[in-house]
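Report on the structure given below.
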Amino acid sequence: MNNFILVSLLLVGVAVADPWHVSLHTLVEGGGAWTNITEFVHDLSSTGFDEVTKSVCGHGVWLMYSNKDYARSSWPFADSWTEEFVAPEYKCHSLPSTRHNQMSSVRYVGSGVFGDEVLTLYSGQEYTGGEDVFIRNDDNFGVFSNTTDSLIVVGESPWTVYSNNYYQGPSICLTPSPVYSSNGDIGLYYGSWEMAELSVPNNAIASIKKGCNSEKVFTYGRN
Ligand SMILES: [Ca+2]
């Protein structure tokens, strides 16, 4: 009995600490040559895998970009894309054929492990540019207010964002939705939004609070 409890605790410990990873593949459905990714890679040429990826395998929540440095570009200079990979358990995902052999940078969302409740703010649209990662309340963004164009919630907790410091002014609540594992259990919670679709005045975020404290609620995938 004691041995059983000890083994159970060890397994739980492994699951919680299990860091996210992905492998990039030169063929669809996880085929071909591959490279393993466990950290931010701002330039895939450092791994010899710039613009050769057709599919990815792994787990966790990852963002993949056609540009280096998680950058966004738009017509007429180029048309960039961001691919979101959300996998509560190991799976393979083939990129749309229009995105084959273009990927140039990769990073995970939030803290990079299962179990954390994290809000990540991105300075660019489509989760590009600089990021700020939050695991607790922040009552005053100071000079960094108004610099968010998109955001992602990972973990079960919703978050409230306020237009003014000290949890004042117009506010909205961002609620993630469950992503299910193959056995039907909830594997993780996820939600991603563009600021432009949230009608926040001036796109201003000046403070954030963990939990839902606003009457204006956005639930990922529902509104
Ligand atoms: Ca590229």
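Quick look at the values:
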quantity	calculated
Those residues of region 153-171 which are buried (at least 19 other Cβ atoms within 10 Å of the Cβ), more than 17 Å from the chain's Cα centre (by Cα) and farther than 13 Å from Gly211 by Cβ, in sequence order	Ser163
Candidate set from region 31-87 (those that are among the charged types (D, E, K, R) and outside any loop (DSSP other than H, G, I, E, B)); member that is farthest from the ligand (Cβ to nearest atom)	Glu84
Which listed residue is at pLDDT 95 or above and out of contact with any Phe, Trp or Tyr (no Cβ under 7 Å at 6 or more places or on another chain), from Ser66, Ser94	Ser94
Residue count for region 91-109, restricted to those that are assigned to a strand (DSSP E or B), closer than 16 Å to Glu39 by Cβ and away from the ligand (no atom under 12 Å from the Cβ)	2
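The values are calculated or read from the model by the stated rules, or taken from the named source; none is laboratory data. Predicted model, so just to flag it, every value in this text is computed and none were measured. All Cβ positions, even for glycine, are placed from backbone atoms using ideal geometry, and neighbour counts span all protein chains on display.
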